[in-house]
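Contents: one structure, followed by commentary.
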Amino acid sequence: MYQIPYYLREMLIIAVPAAVVFCCFWPYRKRALQAMGLRTGLGREIGLILFIMCLFGVLAVTLWPVYWMEDSPGLWGDIELLVDRPSLWSNVNLVPFRMFQDYWEDLTRGGGFFTILNFLGNLAVFVPLGFFPALLFRNANWRRSALVGLGTSVLVEVGQYFLMRSTDIDDVILNTLGALCGFWLYLLLNRFAPHLTQRFQVEGRHGRETGDPKPAPGTGAGQL
């Protein structure tokens, strides 16, 4: 459990500046929306900021170079390890569900707490990446949430290969499943609090939410 505050700190180091940069472009975004006959409310802006923070937070904690986190040889040392690694496939697992077998073996050996924590962590960290695309953009569907989770996870795993961290197909599976859990969370929220979810969607000049199947008259390219 002591690692959770550490990872949160590493995420915030990147997530907060990313949110500040995003806010700096708000006047330009507002003018662009007005030109399309659209408007955005406070709820949507807060949702977008949280989405940006979650996205960059995930990239920060998963692509943070090991030499910044541990007592290691440093940047050039890690580059040398990358060049001189025993094989191109070292620290790489392309066999699906091998990690799940390792999880099961750890559970049977009594290492349940850290195994479950790692499993749930791989799921939970990608839940926002499936939740916010469904919440913020029109025509929410599970395919888009899964694609965001899958694309981000593949990017992370490829990046980790060059940072001398493990690259695992099972992480991609878990991360994508986490994004789908985020979409299912959106479905629950939309089912029991539809008026709340509508506050996070961009509106047309006639006040119709983009979540409606029919676009508002005069909204033009309101596919946001």
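Label separation (Phe162 vs Phe97): 3.3 nm, computed from points 7 Å beyond Cα along the C-beta direction.
Of the solvent-accessible surface of the range 109-191, computed with a 1.4 Å probe over protein heavy atoms with every protein chain present, carbon and sulfur atoms account for 73 percent. In this label model, Trp26 and Leu117 are separated by 3.7 nm, measuring between points 7 Å along each Cα→Cβ vector.
Considering the range 28-68, its Cα convex hull presents a mean projected area of 3.9 nm².
Full extension of the segment from Glu105 to Asn139, taken as 0.36 nm per residue of separation minus the current Cα-Cα distance, would add 8.1 nm.
The values are calculated or read from the model by the stated rules, or taken from the named source; none is laboratory data. This is a predicted model, so every value here is computed, not measured. As a convention, Cβ positions derive from the backbone with ideal geometry for all residues, glycine included, and neighbour counts pool all protein chains shown. We work out accessible area using only protein heavy atoms, side chains counted, and drop any ligands, DNA or RNA first. Shrake-Rupley method; radii C 1.70, N 1.55, O 1.52, S 1.80 Å.
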